[in-house]
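Structure first, commentary second.
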Amino acid sequence: MLRLENVHSFYGRIQALRGINLHVDSGEIVAMIGANGAGKSTTLMTICGQPRARSGRVLFDGDDITHVPTFQIIRSGLSHSPEGRRIFPRMTVLENLQMGAVASDPAHFNDDLGLVFDLFPILGERQQQRGGTLSGGEQQMLAIARALMSHPRLLLLDEPSLGLGPMLVKQIFDVIGQINQDRGVTILLVEQNAHQSLLLAHRAYVLANGEIILHGTGDELLADPEVRNAYLGGGN
Amino acid sequence: MAYFIQQLVNGLTLGSIYGLIAIGYTMVYGIIGMINFAHGEIYMIGAFLSILAFTMLGVTGVTWMPLALIMVLLVAIVFTSAYGWAVERIAYRPLRGSQRLAALISAIGMSLALQNYVLLTQGAGVKTLQPIIRGGVILYATGNFTVILSYIQIFIILLTILLMAIFATLIARTALGRAQRACEQDRGMATLLGINVDRTISLTFIMGAMLAAVAGMLVTMYYGVIDFFMGFIAGLKAFTAAVLGGIGSLPGAMLGGMLLGLVEAFWAGYFSVEYKDVASFGILVLVLIFLPSGLLGRPDVEKV
């Protein structure tokens with residue numbers, strides 16, 4: 001479904017990605033883990049064309065989208081919930097969700113709205129509240145819900161559990177599993193919570209310094225001594 | 001008292017025109033964070049286009065006034081918004097992502113270019129228009145003073161209120177308005193949701209130019225005299241109105257326009273006509289010093 005071939009990308013003169021090769025197959029949850037600054041978020045943003053890959057190719061459904069304008073990439077069935085949530089603070093919850101549906105067919109707006117309110121009932125209760133007045137957890141739910149409103153086939157999620165308490169983290173990971181299982185949405189997930197995401201993901205990539213240093217199934221990486229040491233808090 | 005009411009009516013009329021122009025400044029500032037200093041010239045072009053349209057209607061012999069007004073309005077709006085669109089496309093879009101100063105210089109250059117374009121094609125002299133809407137109602141008469149609310153003033157104030165109501169609804173309730181507000185709050189995120197940001201910005205310039213065109217037409221009908229330089233001072237006044245109301249805020253632009261019109265009318269009526277511009281720009285200075293975010297604007301610092 002998604003394939004990155006030898007992708008290099010830069011912020012100004014600073015190289016952020018050094019030849020990323022990865023693929024995500026239809027129906028999978030794929031996780032990317034790695035230290036801060038390893039290039040996880042940049043990989044997701046480069047898929048959306050912000051920044052554009054300076055060399056290499058990004059393929060979505062077999063089409064080369066490396067040079068397609070961002071808004072058209074999104075309209076082709078890919079959705080990105082970026083780092084830092086970035087909900088619109090001075091728009092209501094409902095308006096934020098309407099913005100999420102810009103790229104999708106208005107005919108199934110009501111169905112999609114019903115589905116995200118099923119996943120996150122609190123958003124249904126707070127429809128008219130401004131995004132900026134929600135709590136951190138609610139904002140995160142809104143960010144994921146907004147990304148789902150475009151009816152995506154592939155969902156990119158950047159740190160959905162960042163800054164949330166353990167209960168909410170569990171809830172968010174449950175929802176990610178549901179989205180994948182019940183709605184058949186393919187997911188590429190970036191997480192600092194390596195343990196949870198390796199449990200959830202079918203496959204995972206480990207990034208360091210803009211390169212992929214390890215790749216395997218979630219279980220393989222959970223068992224890998226190097227991964228345990230570096231990303232799972234020592235040999236426990 | 002009668003004199004006061006007369007100045008009030010005059011001030012609201014003038015304020016309507018400032019308000020209509022100010023919306024263009026505030027919307028563009030909201031979405032791309034720059035002052036479109038060529039906006040006054042867009043208003044001037046709107047005025048010229050409406051005189052042209054009135055003249056052509058005279059030649060073709062359209063005499064039924066409502067039809068004539070609607071036709072002139074349409075001509076002015078359509079062609080002026082084409083200018084508004086072109087200004088963004090030519091002078092600002094290529095500079096998007098560069099320093100703010102570059103865009104500012106480009107805006108000033110665009111303003112000069114448009115002034116000289118009209119100077120060359122239309123000449124340096126004034127153009128005049130015979131009053132189209134004559135007469136009025138006597139509101140109030142005392143022995144030596146009569147308060148007249150002229151039909152043209154009623155037309156200007158009502159049309160302005162109508163347009164502002166339409167625009168407020170458009171921004172608050174339609175998909176385009178949501179897209180504009182989203183671009184204003186986080187342009188990168190709007191792109192990530194599938195918004196065509198370039199198109200949204202173009203439409204914002206077009207909408208601002210439409211209102212400037214209406215203001216140009218109204219001012220032509222009200223004063224009957226226009227020239228190629230009229231956009232400069234009017235643009236600065238409307239900019240002042242937008243800053244007074246809180247730049248970036250749509251209701252602020254409307255309120256700021258009205259207040260500025262009233263201040264000018266009362267200043268001219270009670271103190272000195274010659275120094276009315278001093279009053280306006282004095283307000284600009286005071287607002288910038290003591291209330292930089294304006295009456296209805298948000299302070300820059302925001303809780304994230």
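The values are calculated or read from the model by the stated rules, or taken from the named source; none is laboratory data. Keep in mind it's a predicted model, so treat the numbers as computed, not measured. Note: ideal-geometry Cβ built from the backbone for every residue, glycine included; neighbour counts use all protein chains shown. Remember, those area values only see protein heavy atoms, side chains included, never the ligands or the DNA or RNA. Shrake-Rupley method; radii C 1.70, N 1.55, O 1.52, S 1.80 Å.
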Exercise for review: Could you tell me which of the residues B:MET210, B:MET189, B:MET164 is within 14 Å of chain A (Cβ to nearest Cβ) and either crowded, with 16+ Cβ neighbours inside 10 Å or not in a helix (DSSP H, G or I) (or both)?
Suggested key: B:MET189
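Among the residues of the stretch B:232-243, what is the count of those that are open to solvent by 20 Å² or more (accessible area, probe 1.4 Å) and over 10 Å from the mean Cα position of the chain (by Cα)?
Of the residues in that region, 3 qualify.
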Check your understanding: without any contact (Cβ under 8 Å) to a residue 24 or more places away in the chain, of a type in the set (A, V, I, L, M) and open to solvent by 70 Å² or more (accessible area, probe 1.4 Å): does that describe B:ILE148?
Key -> no
Practice item. Taking only the stretch B:118-145 into account, find how many residues are closer than 20 Å to B:VAL225 by Cβ, surrounded by 11 or more Cβ atoms within 10 Å (Cβ to Cβ) and among the hydroxyl-bearing types (Ser, Thr, Tyr). Key: 1
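How do the strands (runs of 3 or more DSSP E) wholly within the stretch A:13-65 filter down when requiring 1 or more residues that are among the aliphatic types (A, V, I, L, M) and open to solvent by 60 Å² or more (accessible area, probe 1.4 Å): which remain? Please lay out each step first, then the result.
On the way: elements: A:14-24, A:29-34, A:55-60.
Because the criterion is at least 1 residues that are among the aliphatic types (A, V, I, L, M) and open to solvent by 60 Å² or more (accessible area, probe 1.4 Å), the strands (runs of 3 or more DSSP E) in the stretch A:13-65 that meet it are A:14-24.
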Check your understanding: Wholly within the stretch A:113-226, which strands (runs of 3 or more DSSP E) include no fewer than the required count, namely at least 1 residues that are open to solvent by 50 Å² or more (accessible area, probe 1.4 Å) and not aromatic (Phe, Trp, Tyr)?
Key -> A:211-217
Review point. If you take the residues in the stretch A:86-108 that are away from every other protein chain (no Cβ under 11 Å), outside any loop (DSSP other than H, G, I, E, B) and not small (Gly, Ala, Ser), which one is farthest from A:ARG146 (Cα to Cα)?
Key: A:HIS108
Check your understanding: Would you say B:VAL273 is more than 24 Å from B:ILE45 (Cβ to Cβ), of a type outside the set (Ser, Thr, Tyr) and open to solvent by 50 Å² or more (accessible area, probe 1.4 Å)?
Key -> yes
Exercise for review: Would you mind stating whether B:ALA182 is buried (at least 24 other Cβ atoms within 10 Å of the Cβ) and within 14 Å of chain A (Cβ to nearest Cβ)?
Suggested key: yes
